[in-house]
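Chemist: Take a look at this one; I'll ask things after.
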Amino acid sequence: MLKDVTFGQYYPVKSFVHNCDPRIKILFLIGFIVAVFLASNFYGLALCAAVLVIGILCSRVPVQSILRSIKGILFLLAFTAILNLFFYAGETTVVIGEIPLQWGVVNITYEGIYFMLFLMFRLFMLILSSSLLTLTTTPVNLTDGIESLLTPLKWLRFPVHVLALVMSIALRMIPSLMDETDRIMNAQKARGTDFEHGNIFKRVKAIVPILIPLLIGAMRRAEELGDAMDARCYTGSENRTKYKKLTFTWRDLIVFLLCAALIAGVVLCNVYLGSIL
Amino acid sequence: MRITAEHLNYTYNQASEFAVHALRDVNLTVEEGEFFGIIGHTGSGKSTFIQHLNGLILLPSAQKKYKPKKLKKGEIAPPKTVLQVGEYDLTDKKTDFRKLRSKVGMVFQYPEYQLFAETVFEDVAFGLKNFSEQPLSPERIQTAVRQALETVGLNYAEVWDKSPFDLSGGQKRRVAIAGVIVTRPEVLVLDEPAAGLDPLGKQELMALLHEIHRSWCKTVIFVSHDMDEVAENCTKVAVFSEGAVQFVLPPKELFQKQAELLSLGLDLPVTAKLVALLKQKGIDIDCDFTKKDFIQKVQKYLQGGNGVC
Amino acid sequence: MQALEFKNVNFSYGAQSDFSLNNVNFSVEEGELVAVLGHNGSGKSTLARLCNGLLKLKSGTIHVFGMDASEDKNTFAIRQSVGVVFQNPDNQMVASTVEDDVAFGPENIGVERKEIGERIDFALRAVGMEKYRHATPARLSGGQKQRIAIAGVLAIKPRILILDESTAMLDPKGRKEIMDVVLKLNKEEKITVLLITHFMEEALQADRAIVMNKGEIVMQGTPQEIFSRSEELECYGLTLPPVGYICKGLQASGVSVGDCLKVQELAEEIERCASRQNI
């Protein structure tokens with residue numbers, strides 16, 4: 001059932017992080033990613049991790065929900081790990097008993113292990129921090145934030161408000177289209193379509209009776225929505241006003257300062273505590 | 001085919017914080033030969049229930065990966081769920097659900113939105129081809145499609161090679177229904193089949209369902225919001241509310257329970273409203289709540305006094 | 001003042017004959033509630049689209065509050081004074097929250113931010129949905145969605161509201177919600193209403209009804225007048241409301257009840273017949 005899929009990742013509770021301005025959250029995420037990449041030793045990364053843990057604690061999102069986001073890219077993580085473990089050009093080969101772990105191009109070194117751990121740690125934090133953003137920000141707020149951050153592009157004649165409207169309508173329509181997919185799938189299943197058995201060719205063929213009605217339905221929706229928008233005086237001109245306004249609060253100032261402090265801290269770690277890269 | 005449901009429960013999004021209990025301990029029997037109505041608010045569980053009837057929603061015990069839960073010590077086993085449609089046991093994963101679906105036809109709300117093929121013929125034949133074990137001869141397919149289209153009141157010669165998308169709204173719905181009845185199901189389930197049609201279209205559709213019911217489809221089950229339609233057409237009605245079945249009664253008895261229906265937020269057929277008002281005025285009309293019977297009974301009542309009024 | 005005036009209006013969608021209009025003449029006075037009846041494909045929905053310039057007419061004239069609808073320069077002004085609510089509640093919303101959706105119209109006509117807030121308050125209160133200001137449309141019932149659609153139109157402050165089969169896809173509860181709102185707007189806010197529908201019961205609440213068939217206006221009058229001509233209605237693919245149907249049936253079987261269309265009236269008529277006998 002498609003109904004079992006909750007749209008987006010948003011975890012609906014109230015918290016400090018939830019209440020932050022989406023723009024500052026996006027900017028903070030960018031700042032955090034910069035910090036993670038700047039960090040060239042474990043001290044810097046530990047500092048980042050500390051900030052992330054504070055963020056998670058302040059968000060009141062259960063840790064399991066955040067860790068769940070790792071699941072999707074577990075394979076990627078494992079792949080990168082193995083690649084680094086085996087092929088990192090280190091100097092000190094690991095020796096277990098009398099046997100050095102080196103076969104042809106495969107060479108497991110201490111540096112390799114060290115670097116692999118560092119890389120895993122880094123990736124881990126990138127993923128956790130971005131899923132913290134999507135868990136604490138509704139898709140609507142996220143689009144509003146992106147729109148607002150893109151506003152300067154207006155000066156380059158980039159149609160920011162059109163893009164924003166397109167994103168907003170897409171978000172609005174996704175649940176409707178999922179419902180419709182569900183309905184059409186059931187209807188065709190009731191007429192004997194089999195999605196579960198048969199070879200790939202057969203299964204692809206079984207999708208046609210779903211795709212076509214869905215496509216036609218989407219076009220019908222688009223047409224009707226277009227009429228409704230026209231009837232509500234939409235002209236696409238630049239003279240629209242905007243009701244929703246994002247405002248910065250004291251929370252956002254705190255987050256901003258935290259971000260600045262983090263980057264500064266990481267740089268200091270790099271300078272005074274050496275680099276492993 | 002007799003349909004029996006006992007202790008039927010269903011929860012959407014089980015094991016998440018957004019769980020919705022769509023069905024709670026539903027007990028319901030639909031005898032063969034019934035023209036069965038299901039009423040209830042949006043979200044009362046009607047749609048979830050009917051999707052169980054042909055295995056579009058599978059009970060946990062009918063799912064492939066199902067493993068029976070072991071009871072803890074001292075725990076009492078929940079009452080056994082029964083869901084039986086004719087000879088098909090829907091709680092069993094070994095049941096051939098595709099075969100079941102060919103016996104239980106399902107017409108969804110606004111069925112015209114599921115049309116997809118290039119021609120009316122292809123669309124109607126779709127289910128027929130899907131369900132048959134071995135390829136059917138073109139003649140057999142043609143006969144079945146022709147019969148289905150004629151049953152829904154369309155002229156085969158006129159529409160068979162047209163694109164279904166070029167037809168009018170009412171015609172599209174008929175084609176969609178033809179695409180379901182083409183396999184001659186023994187049970188036909190319809191979710192608000194008359195929604196969005198104009199008054200005449202509604203009348204024609206109900207007449208069509210009665211015709212199918214009379215000639216070959218033994219059991220018809222339909223969901224409706226229109227109490228007049230239910231009072232006029234059904235032999236028996238089930239009332240759903242908040243996932244549970246409140247009543248299963250013939251209309252004649254059901255619409256006497258006016259206070260109960262109103263407290264469930266349901267409307268009454270016009271005839272029932274009239275009977276209630278007349279009762280307040282001291283006039284007792286005992287009718288089965290069809291318009292025809294109401295008119296007759298009122299006439300009889302008045303004539304019982306002193307002849308023609 | 002006349003809110004709407006159609007004079008010799010012709011329109012067709014090319015070769016297709018359905019939904020076209022043939023020499024349509026009618027007018028709606030300001031403050032009136034006029035119902036337009038007709039079976040599917042009778043052309044009744046075409047009226048709505050012509051009124052606010054979604055379709056351009058072929059010949060004849062349409063005036064909306066004195067503005068000529070065929071002139072492009074009037075389109076924007078006409079759309080501000082004509083609010084249209086369409087059939088499908090799912091396909092009229094642009095935003096994912098009720099508040100943002102209602103704001104869409106005022107944003108389009110360049111209303112100041114502060115006033116948009118006031119208009120949202122007003123519009124949501126008018127349709128009784130003020131509690132749902134921050135709700136997402138996906139969680140609302142059909143009737144609630146249509147009320148939001150009406151609110152979205154009201155926020156533009158139109159002088160005439162056109163409901164283009166806006167209740168066709170709703171359940172009886174949702175239909176009643178919409179009719180209550182529409183009647184209230186008509187009575188209290190003095191908004192002119194053109195109610196396009198195929199539910200005969202809804203037409204009973206109108207001041208006047210127009211029946212369309214094959215793109216032509218075939219009947220006009222008060223709902224009582226229209227429904228007293230039941231044979232004629234049937235020719236146009238329409239039926240009497242249930243009470244009217246029972247009433248006709250009683251008359252046909254020799255019970256001398258007068259014409260009525262409402263449950264209360266018919267009950268009283270039957271009582272009258274009964275009491276006459278008992279004397």
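The values are calculated or read from the model by the stated rules, or taken from the named source; none is laboratory data. Since the model is a prediction, treat every value here as computed from it, not as a measurement. When we count neighbours, we look across all protein chains shown, and the Cβ atoms used for this are built from the backbone with ideal geometry, even at glycine.
Chemist: Give the residues of the range A:30-41 that are assigned to a helix (DSSP H, G or I) and either of a type outside the set (A, V, I, L, M, F, W, C) or crowded, with 17+ Cβ neighbours inside 10 Å (or both), sorted by residue number.
Modeler: A:Gly31, A:Phe32, A:Ala35, A:Val36
Here's the yes/no breakdown for (1) crowded, with 19+ Cβ neighbours inside 10 Å; (2) within 30 Å of A:Leu246 (Cα to Cα):
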site: A:Val95; (1), (2): no, no
site: A:Glu98; (1), (2): no, no
site: A:Gln102; (1), (2): no, no
site: A:Ile108; (1), (2): yes, no
site: A:Phe115; (1), (2): no, no
site: A:Leu126; (1), (2): no, yes
site: A:Ser131; (1), (2): yes, yes
site: A:Leu135; (1), (2): yes, yes
site: A:Asp144; (1), (2): yes, yes
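Chemist: Moving on to the next point. With the requirement that a residue be aliphatic (A, V, I, L, M), in a loop (DSSP other than H, G, I, E, B) and at pLDDT below 80, what does the range A:48-105 give you?
Modeler: Of everything in the range A:48-105, those that are aliphatic (A, V, I, L, M), in a loop (DSSP other than H, G, I, E, B) and at pLDDT below 80 turn out to be A:Ile73, A:Ala89, A:Val94, A:Leu101, A:Val105.
Chemist: Starting from the range B:78-104, keep only residues that are over 26 Å from B:Val182 (Cα atoms), then list their pairs with residues that are in a helix (DSSP H, G or I) and not charged (D, E, K, R) whose Cβ atoms are within a distance under 8 Å, requiring at least 6 positions of separation or different chains.
Modeler: Listed pairs, sorted by first residue: B:Thr81/B:Ser61; B:Thr91/B:Ser61; B:Thr91/B:Ala62; B:Asp92/B:Ser61; B:Asp92/B:Ala62; B:Lys93/B:Ser61; B:Lys93/B:Ala62.
Chemist: To continue, here is another question. Could you please let me know if C:Glu112 is in contact with a Ser or Thr (Cβ under 8 Å, 6 or more places away or on another chain) and under 24 Å from A:Ser168 (Cα atoms)?
Modeler: Yes.
Chemist: Looking only at helices (runs of 4 or more DSSP H) that lie completely in the range B:104-195, which have at least 2 residues being more than 22 Å from the chain's Cα centre (by Cα)?
Modeler: Because the criterion is at least 2 residues that are more than 22 Å from the chain's Cα centre (by Cα), the helices (runs of 4 or more DSSP H) in the range B:104-195 that meet it are B:120-131, B:138-151, B:156-159.
Chemist: Let me ask something additional. Across the range A:194-204, which residue is farthest from B:Leu56 (Cα to Cα) among those that are within 11 Å of chain B (Cβ to nearest Cβ) and more than 31 Å from the chain's Cα centre (by Cα)?
Modeler: Among them, the one singled out is A:His197.
Chemist: Out of (1) touching a Ser or Thr at 6+ places or on another chain (Cβ under 9 Å); (2) over 16 Å from B:Glu186 (Cβ atoms), the odd one out for B:Tyr66 is which?
Modeler: Looking at each condition in turn, B:Tyr66 falls short on (1).
Chemist: Can you tell me how many residues within the range B:62-102 are outside any loop (DSSP other than H, G, I, E, B), of a type outside the set (Val, Ile, Thr) and closer than 16 Å to B:Thr4 by Cβ? Don't jump to the end; show me each part of the working.
Modeler: Residues of the range B:62-102 outside any loop (DSSP other than H, G, I, E, B): B:62, B:82-85, B:88-89, B:97-102.
Then drop every residue that is not of a type outside the set (Val, Ile, Thr), which leaves B:62, B:83-84, B:88-89, B:97-102.
Now restrict to residues that are closer than 16 Å to B:Thr4 by Cβ: B:62, B:83-84, B:88-89, B:100.
The total comes to 6.
Chemist: Does the range A:210-221 include one or more residues that are surrounded by fewer than 20 Cβ atoms within 10 Å (Cβ to Cβ) and either assigned by TED's automatic domain parsing to the domain that holds A:Leu38 or of a type in the set (S, T, N, Q) (or both)?
Modeler: Within the range A:210-221 (the criterion being surrounded by fewer than 20 Cβ atoms within 10 Å (Cβ to Cβ) and either assigned by TED's automatic domain parsing to the domain that holds A:Leu38 or of a type in the set (S, T, N, Q) (or both)), the answer is no, since none of the residues qualifies.
Chemist: Give the range A:139-174 a look and list any residue that's hydroxyl-bearing (Ser, Thr, Tyr) and within 20 Å of the chain's Cα centre (by Cα), or say none. I'd like the intermediate steps shown before the answer.
Modeler: Of the range A:139-174, the ones hydroxyl-bearing (Ser, Thr, Tyr) are A:143, A:148, A:151, A:168.
Within the range A:139-174, A:Thr143, A:Ser148, A:Ser168 qualify.
Chemist: Can you find even one residue in the range B:8-19 that is of a type in the set (A, V, I, L, M, F, W, C), assigned to a strand (DSSP E or B) and within 24 Å of B:Ala231 (Cβ to Cβ)?
Modeler: Within the range B:8-19, not a single residue is of a type in the set (A, V, I, L, M, F, W, C), assigned to a strand (DSSP E or B) and within 24 Å of B:Ala231 (Cβ to Cβ).
Chemist: Right, C:Lys176: within 11 Å of another protein chain (Cβ to nearest Cβ), surrounded by fewer than 24 Cβ atoms within 10 Å (Cβ to Cβ) and out of contact with any His (no Cβ under 8 Å at 6 or more places or on another chain) or not?
Modeler: Yes: the conditions hold for C:Lys176.
Chemist: Still on this structure: Of the residues B:Thr11, B:Thr48, B:Thr81, B:Thr42, only one is touching a His at 6+ places or on another chain (Cβ under 6 Å) and within 14 Å of chain A (Cβ to nearest Cβ); which?
Modeler: Exactly one residue qualifies, and that residue is B:Thr11.
Chemist: Quick one: which residue in C:Val111, C:Val82 is under 17 Å from C:Gln2 (Cα atoms), at the interface with chain A (Cβ under 10 Å from one of its Cβ atoms) and β-branched (Val, Ile, Thr)?
Modeler: The conditions single out C:Val82.
Chemist: Scan (1) part of a strand (DSSP E or B); (2) surrounded by fewer than 19 Cβ atoms within 10 Å (Cβ to Cβ) for the single condition B:His210 breaks and write down its number.
Modeler: (1)
Chemist: Go through the range C:245-279 and report how many residues are closer than 16 Å to C:Met200 by Cα and either over 21 Å from the mean Cα position of the chain (by Cα) or of a type in the set (Val, Ile, Thr) (or both).
Modeler: 7
Chemist: Run down C:Asp72, C:Asp68, C:Asp90 and say which single residue is surrounded by fewer than 19 Cβ atoms within 10 Å (Cβ to Cβ), assigned by TED's automatic domain parsing to the domain that holds C:Ile178 and farther than 24 Å from C:Ile191 by Cα.
Modeler: C:Asp72
Chemist: Continuing with the same structure: Of the residues that sit in the range C:265-279 and are assigned to a helix (DSSP H, G or I) and more than 7 Å from every other protein chain (Cβ to nearest Cβ), which one is farthest from B:Lys202 (Cα to Cα)?
Modeler: Step by step, filter the range C:265-279, then rank; the result is C:Ser275.
Chemist: Of the residues B:Ile38, B:Ile57, B:Ile50, which is at pLDDT 95 or above and among the β-branched types (Val, Ile, Thr)?
Modeler: Answer to the selection: B:Ile38.
Let's see how each residue does on (1) under 17 Å from A:Thr193 (Cβ atoms); (2) in contact with a Cys (Cβ under 6 Å, 6 or more places away or on another chain); (3) buried (at least 22 other Cβ atoms within 10 Å of the Cβ); (4) not β-branched (Val, Ile, Thr):
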site: B:Phe97; (1), (2), (3), (4): yes, no, no, yes
site: B:Gly105; (1), (2), (3), (4): yes, no, yes, yes
site: B:Leu128; (1), (2), (3), (4): yes, no, no, yes
site: B:Thr151; (1), (2), (3), (4): no, no, no, no
site: B:Leu167; (1), (2), (3), (4): no, no, no, yes
site: B:Lys172; (1), (2), (3), (4): no, no, no, yes
site: B:Ala176; (1), (2), (3), (4): yes, no, yes, yes
site: B:Val180; (1), (2), (3), (4): yes, no, yes, no
site: B:Gln203; (1), (2), (3), (4): no, no, no, yes
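Chemist: Still on this model: Within the range C:25-40, does at least one residue satisfy the condition of being surrounded by fewer than 24 Cβ atoms within 10 Å (Cβ to Cβ), closer than 23 Å to A:Arg220 by Cα and more than 14 Å from chain A (Cβ to nearest Cβ)?
Modeler: Yes, the conditions are met somewhere in the range C:25-40.
Chemist: Give all pairs with beta carbons closer than 6 Å in which a residue from the range B:147-174 that is within 14 Å of another protein chain (Cβ to nearest Cβ) and over 12 Å from B:Phe121 (Cα atoms) meets a residue that is surrounded by fewer than 18 Cβ atoms within 10 Å (Cβ to Cβ) and of a type in the set (A, V, I, L, M); count only pairs at least 6 apart in sequence or on separate chains.
Modeler: Once the first residue is within 14 Å of another protein chain (Cβ to nearest Cβ) and over 12 Å from B:Phe121 (Cα atoms) and sits in the range B:147-174, no partner that is surrounded by fewer than 18 Cβ atoms within 10 Å (Cβ to Cβ) and of a type in the set (A, V, I, L, M) comes close enough.
Chemist: Would you mind finding the one in B:Lys218, B:Lys236 that is among the basic types (Lys, Arg), touching an Asp or Glu at 6+ places or on another chain (Cβ under 8 Å) and under 24 Å from B:Asp25 (Cα atoms)?
Modeler: After ruling out the rest, the residue left standing is B:Lys236.
Chemist: Sticking with this structure for a sec: Return the only residue of B:Ile285, B:Ile295 being within 11 Å of chain C (Cβ to nearest Cβ) and in contact with a Lys or Arg (Cβ under 6 Å, 6 or more places away or on another chain).
Modeler: B:Ile285
Chemist: Select from the range B:192-209 the residues that are closer than 20 Å to B:Tyr113 by Cα and small (Gly, Ala, Ser) and write down the one among them that is farthest from the other protein chains (Cβ to nearest Cβ).
Modeler: Among them, the one singled out is B:Ala194.
Chemist: Continuing with this model, one more query. In the range A:170-183, is there at least one residue being outside any helix (DSSP H, G or I) and either at pLDDT below 85 or crowded, with 17+ Cβ neighbours inside 10 Å (or both)?
Modeler: Scanning the range A:170-183 turns up no residue that is outside any helix (DSSP H, G or I) and either at pLDDT below 85 or crowded, with 17+ Cβ neighbours inside 10 Å (or both).
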